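In what follows, a structure is listed as structure tokens, so that the remarks can point back to it.
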Amino acid sequence: MDGSDFYRRLEEWLASPPPLTVVAETERSALRAEFNPHVHAGWELKLLGSGELHLVPPGVAHEATGLCPLSLEAGAGGMTLLFEGRFLFLNRPAGPRNNFLPELFALLARIPAEEERLRGQLLRAAFEAVRTLARSFESVPDAPEDRYTLALDYLKRNYYKRELGVEDLAAFIGVTPQYLNRLFRRNGGSGIRRQLIVIRLEKARELLESGNYLVSDAARLTGWSCPFYFCNSFKRHYGVPPVSVRG
């Protein structure tokens, strides 16, 4: 990858960490459909256009913030890094021996906002961990992925966006919508829209089974603009209404 701009910015953040806000709990306003609310299984650190960092813990619903200069998602299994609109690393696997980000983020989330010096030290440590991971990824490049795999991964990462369309996906992969639909039918047995519906239903079921969300919330968090359509689709797919699987 050509990550020279990223590493230059990383040096700046190491020298002077941006102000940090921990999104500790969901505000009801963040569940409004127009904000494309969603949740992550891992941690997300994103730099807003204002220059402020937001750290979102796993399972906390939050709104999409458009194009961020930096968006980093990290879990026990690996890391995704989006910098200035371009993926430098996408779902790169990393084992516990060299991925300290979840632990560092968990510590950051525990430190009170008034402890600015300690927060700054931990944030620098997190950026150092990002640099270490990025360097290790560079030494073992991504294996070439076929277009279907890339497209499916894009759907799994962006399923919550209500405006997500076939044209957006085709543009990301670099093919025509017609070709991409044929690719999905040949490899996945159904068209793009059907596979997107299945992904949304699977994510919604995970949220409902956690017991932390109402049916209407689970629908909004997984990209459904019509709760009635969501309930009908859920029952057709799973054979039971969504309320019956809520933990």
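Considering only C-alpha atoms, what is the centroid distance from segment 83-104 to segment 142-221, in Å? When both Cα centres are located, 22 Å separates them. Legend: P(r) of segment 101-247 from all alpha carbon pair distances, 5 Å bins from 0, whole percents, reading 2, 9, 14, 12, 11, 13, 15, 13, 8, 4, 1, 0. When the Gaussian network model of the chain links Cα atoms closer than 10 Å, the mean-square fluctuations of Pro112, Pro37, Pro102 top out at Pro112.
Estimated from helices alone, the mean residue ellipticity of the chain at 222 nm is -15000 deg cm²/dmol (sum of -39500 (n - 2.57) over DSSP H runs with n ≥ 4, per residue). For Phe89, the amide hydrogen comes within under 5 Å of the amide hydrogens of Leu81, counting only partners 5 or more places away or on other chains and with H modelled in the peptide plane. In the chain, Rg over Rh equals 0.98, where Rg is the alpha-carbon radius of gyration and Rh the Kirkwood radius from pairwise Cα distances. Rounded to two decimals, the Cα-based Rg/Rh of segment 63-130, with Kirkwood Rh, is 1.00. Comparing mean-square fluctuations of Phe83, Phe105, Phe228 from a GNM of the chain with C-alpha springs under 10 Å, the top value falls on Phe228. For the chain, the solvent-accessible area works out to 52 Å² per residue, with a probe of 1.4 Å and every protein chain left in place. In order along segment 17-24, the phi-based Karplus estimate (6.51 cos²θ - 1.76 cosθ + 1.60, θ = phi - 60°) of 3J(HN,Hα) comes to x, x, x, 10, 10, 9, 7, 7 Hz; Gly and Pro are listed as x.
Under a Gaussian network description of the chain, with springs only between Cα atoms under 10 Å, the residue in Leu118, Leu208, Leu20 that fluctuates furthest is Leu118. Just the protein heavy atoms count here, and of the accessible area of the chain at 1.4 Å, carbon and sulfur take up 52 percent.
The values are calculated or read from the model by the stated rules, or taken from the named source; none is laboratory data. The model shown is predicted, which means the values in this text are computed figures rather than measured ones. The accessibility values were calculated without ligands, DNA or RNA, using every heavy atom of the protein model including side chains. Shrake-Rupley method; radii C 1.70, N 1.55, O 1.52, S 1.80 Å.
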